[in-house]
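Only one structure is covered here, and it is reproduced in the block below.
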Amino acid sequence: MAALNKILICPWFGKFPEWMSEFVIPDGYHGIIDTDLNGFKKRVKDKLGFDYPGEWGDNKLSDYRSALGYLYEDEIKGFDFWGHADFDVVWGDLDKFIPDSMLAELDMYSSHNEYVCGCFSMYRNCKEMNELFMQPGWWIDCMDKPETNGWVEKEYSRWLEQSGLRYKYDFPQGWPWTQNPILKKEDKGLFQLIKNEWVEIGLFHFRHSKRWPL
């Protein structure tokens, strides 16, 4: 099969983390890093009809992850899949863990085994998937309040599971809960020392240490 055309949408309205110079978009993926807060507010107003309540430096963007395909629909035309990713992530050989042959059979892929994962998830670029976040009647209440509520990983995930769309919850992250991860890169591969053994992993989310781990 032909390679899928994939893009990550990464809005960021705040100071970049100190390791930002190390962050890269993974091999085989395109990327949008949007730092225009006023432009995003206009995008939300035009597309969703209400004011984006987030401000510079807060975490409200996390409640908009499942809506990014709808909000950026013009920018992602021609792509088979779009996704979102955090900047506190190191990538391994994603093609080995998430091959196009697997993704092509899905409508949504999450890198957590229990819910739609904020640090890395992929969505088929189609109307049914891009507008799924609008299906439950209470979605506006989750998005137009300034408080971050984490509904994508909770209520939205449960709605996805009942939607009939094809999804896969997975966990290629190794052991991300440690404050002192030991990682190494070999070619495209990423390895973590887990219980005295080097284990290849697809990505590592270092949200607990907040230090570049390589």
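Scanning segment 186-206 for residues that are surrounded by 13 or more Cβ atoms within 10 Å (Cβ to Cβ) and charged (D, E, K, R) yields LYS188, GLU200.
Rundown of residues vs (1) at negative phi; (2) touching a residue at least 24 places away in the same chain (Cβ under 8 Å); (3) open to solvent by less than 50 Å² (accessible area, probe 1.4 Å); (4) in a strand (DSSP E or B), yes/no style:
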{"position": "ASP95", "(1), (2), (3), (4)": "yes, yes, no, no"}
{"position": "GLU105", "(1), (2), (3), (4)": "yes, yes, no, no"}
{"position": "TYR109", "(1), (2), (3), (4)": "yes, yes, yes, yes"}
{"position": "PHE133", "(1), (2), (3), (4)": "yes, yes, yes, no"}
{"position": "PRO136", "(1), (2), (3), (4)": "yes, no, yes, no"}
{"position": "GLY150", "(1), (2), (3), (4)": "no, yes, yes, no"}
{"position": "GLU155", "(1), (2), (3), (4)": "yes, no, no, no"}
{"position": "GLU161", "(1), (2), (3), (4)": "yes, no, no, no"}
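When GLY49, GLY78, GLY69 are checked against the criterion of being over 30 Å from SER209 (Cβ atoms), in contact (Cβ under 8 Å) with a residue 60 or more places away in the chain, loosely packed, with under 12 Cβ neighbours inside 10 Å and of a type outside the set (A, V, I, L, M), a single residue qualifies: GLY78.
Evaluate the following for GLY57: is it open to solvent by 10 Å² or more (accessible area, probe 1.4 Å), in a loop (DSSP other than H, G, I, E, B) and either without any contact (Cβ under 8 Å) to a residue 12 or more places away in the chain or more than 16 Å from ASP144 (Cβ to Cβ) (or both)? So GLY57 passes the test.
GLU114: part of a strand (DSSP E or B), open to solvent by 40 Å² or more (accessible area, probe 1.4 Å) and within 19 Å of ILE98 (Cβ to Cβ), yes or no?
Numbers: part of a strand (DSSP E or B): no; open to solvent by 40 Å² or more (accessible area, probe 1.4 Å): yes; within 19 Å of ILE98 (Cβ to Cβ): yes.
Answer is no for this residue.
Restricting the first member to segment 5-20 and to residues that are among the charged types (D, E, K, R), and the second to residues that are open to solvent by less than 10 Å² (accessible area, probe 1.4 Å) and in a strand (DSSP E or B), the beta-carbon pairs closer than 6 Å and six or more apart or on different chains are LYS6/PHE81. Checked against (1) under 30 Å from ALA2 (Cα atoms); (2) open to solvent by 10 Å² or more (accessible area, probe 1.4 Å), ASP144 passes all but condition (1). Kindly check whether there is at least one residue in segment 34-45 that is in a loop (DSSP other than H, G, I, E, B), within 23 Å of LEU160 (Cβ to Cβ) and either modelled with pLDDT under 95 or open to solvent by less than 10 Å² (accessible area, probe 1.4 Å) (or both). Within segment 34-45, none of the residues are in a loop (DSSP other than H, G, I, E, B), within 23 Å of LEU160 (Cβ to Cβ) and either modelled with pLDDT under 95 or open to solvent by less than 10 Å² (accessible area, probe 1.4 Å) (or both). When residues in segment 1-20 are screened for being touching a strand residue (DSSP E or B) at 6+ places or on another chain (Cβ under 9 Å) and not basic (Lys, Arg), 9 of them pass.
The values are calculated or read from the model by the stated rules, or taken from the named source; none is laboratory data. Since the model is a prediction, treat every value here as computed from it, not as a measurement. Heads up, the Cβs are rebuilt from the backbone with ideal geometry, glycines too, and the neighbour counts pull from every protein chain shown. Note: areas computed on protein heavy atoms with side chains; ligands, DNA, RNA excluded. Shrake-Rupley method; radii C 1.70, N 1.55, O 1.52, S 1.80 Å.
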